[in-house]
Amino acid sequence: MGNKIKKIFQEKYKIFIPIIVVFGLLITLYFLYREYQYDNYRDKRDTLVYQYFGGIKTEYTAVITYDMKEKIVDIKAKDKKIDYDSTPIYYKDRLEVIFPQEMIVAFPLREGSQYRIYKYASYINDDSIHSIKNGTDSSFYEYFFMYDGEDLFFFPYDANLLINDVLYKELSGGSYVSVVGNNTLVYYDYANDFSEVIEVEGKNVSVTSEYINVNLTERYFMSFNDKVLLSKPYNLSVLYKSN
């Protein structure tokens, strides 16, 4: 009986192997096709947004493209030419901000730790709950600010803008400040929907609050009385929930 089974197996061996190989290929192709669908699925949504350029407000409809995982993969202005840099994109009807370039998230109360967030990451203020959507990851955070690695700083909380240590402007949460070439200061105050461009050559610009103290001119912030130099996004680990 055993020899008979062995003989059948030997006779069918050449048939079984191709069947197993084909079956394995079909499974592999199925998973590859499914990943292809996820990666190439595009949901385009017209969204009313605005940005400030040189102190001037520009409102427009942005075509925001999402993949199947609800991750933003592209933004284009509809019927308008916008050259996207790190200037934040604000939703018109709520405090939600998209960052068109990679940014740093700095935590002064976490020993000055800094992390990177992806291009098209979002900041969301929902009833004073501050969250960051970074790719497909979303989580709540406290006491942080953002920096583009060059000139622009975004502040989720109320803060004071100082020039040479003298209060110049009280900024509401959701505002940003940019110091270009240490000569030109551009700020946007979210609550008042107001932006201004001023010259600050040779002056020191800083932003302070109860928990945040950032020197925009020299690109550092304070963490428990220690100066922490701000990094570049590409030098940092990515921000995840576990962070």
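Of the residues V197, V238, F221, the one whose Cα sits farthest towards the positive end of the charge dipole of the range 100-241 is V238 (charges of +1 on Lys and Arg Cβ, -1 on Asp and Glu Cβ, taken about the Cα centre).
Once you list every other residue whose beta carbon is under 12 Å from the beta carbon of Y118, what net charge do they have if Lys and Arg are +1 and Asp and Glu are -1?
Details: positive: K71, R116, K119, K133; negative: E102, D137.
Here the charged neighbours net out to +2.
Among Y141, Y123, Y240, Y52, sorting on how many other beta-carbon atoms sit within 10 Å of each Cβ, with the fewest leading, yields Y240, Y141, Y52, Y123.
Using the Cα gyration tensor of the range 165-233, with a ≥ b ≥ c the square roots of its eigenvalues, what is the shape: rounded (a/c below 1.5), prolate (a/b larger than b/c) or oblate (neither)? The shape class here is oblate.
Taking 7 Å steps out from each Cα toward its Cβ at L48 and D85 produces label points 2.8 nm apart. Taking a sphere under 10 Å around the Cβ of Y234 and counting the other residues whose Cβ falls inside, with K and R at +1 and D and E at -1, yields a net charge of +1.
Just check the range 29-172 against the gyration tensor rule for me: Cα atoms, a ≥ b ≥ c as the square roots of the eigenvalues, rounded for a/c under 1.5, and otherwise prolate or oblate depending on whether a/b exceeds b/c. Oblate is the answer for the range 29-172, as a/c is 1.5 or above yet b/c matches or exceeds a/b. The calculated FRET efficiency for F140 paired with N164, based on their beta-carbon distance and R0 = 41 Å, is about 0.70.
Quick check: net charge around A191, other residues with Cβ under 11 Å of its Cβ, Lys/Arg +1 and Asp/Glu -1? Could the numbers behind the result be given before it?
Details: positive: none; negative: D158, E170, D189, D193.
Here the count lands on -4.
Can you flag which of K133/K227; K169/K241; K203/K241; K92/K203 are past 31 Å Cα-Cα? Over 31 Å apart, Cα to Cα: K169/K241; K203/K241; K92/K203. Note on Y234 and D126: their simple-model spin labels are 3.4 nm apart, each label 7 Å out from Cα toward Cβ.
Bear in mind these aren't lab numbers, they're just calculated from the coordinates by the rules spelled out. Keep in mind that what you see is a predicted model, and the values were worked out from it rather than measured. Positions of Cβ are backbone-derived with ideal geometry, glycine not excepted, and every protein chain shown enters the neighbour counts.
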